[in-house]
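The values are calculated or read from the model by the stated rules, or taken from the named source; none is laboratory data. Only a predicted model underlies this, so the values are computations on that prediction, with no experimental measurement involved. Neighbour counts run over all protein chains shown; Cβ positions are idealised from the backbone, glycine included.
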Amino acid sequence: MGNPRPKPQRLAEKLREIRLALGFSQTTMLRQLEKEEKMHYGRISEYEGGKREPTLMMILQYARVAGVHMEDIVDDELDLPAKLPSNVRYQDRKRKNQAQERKQ
């Protein structure tokens with residue numbers, strides 16, 4: 001079966017910290033993550049309690065909502081910025097749909 005992959009020890013804590021710093025209820029957080037039609041708000045509680053680990057794409061959504069890099073969320077040695085949402089900048093990075101729009 002192999003070795004289980006290591007999991008960030010502070011992930012649940014940081015996800016809760018993000019939601020509270022933004023002043024969101026669990027239901028509002030789910031809406032901000034654009035998952036309200038696909039998931040029950042109880043899933044947020046499971047993430048924050050460490051009972052369930054979000055997918056990489058869900059962590060990406062959290063990062064976008066909080067305005068931080070994914071690394072800030074998953075790296076146990078990094079703290080989240082003191083003020084959220086932060087103002088993360090992705091210099092010289094273009095999203096796939098942005099590049100397609102420019103070609104048209």
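Quick check, is residue 35 modelled with pLDDT under 95, in contact with a helix residue (DSSP H, G or I) (Cβ under 9 Å, 6 or more places away or on another chain) and either closer than 21 Å to residue 6 by Cα or assigned to a loop (DSSP other than H, G, I, E, B) (or both)?
Considered against the rule, which asks whether it is modelled with pLDDT under 95, in contact with a helix residue (DSSP H, G or I) (Cβ under 9 Å, 6 or more places away or on another chain) and either closer than 21 Å to residue 6 by Cα or assigned to a loop (DSSP other than H, G, I, E, B) (or both), residue 35 comes out as yes.
If I go through the stretch 46-59 residue by residue, how many of them are assigned to a helix (DSSP H, G or I) and surrounded by 14 or more Cβ atoms within 10 Å (Cβ to Cβ)?
5
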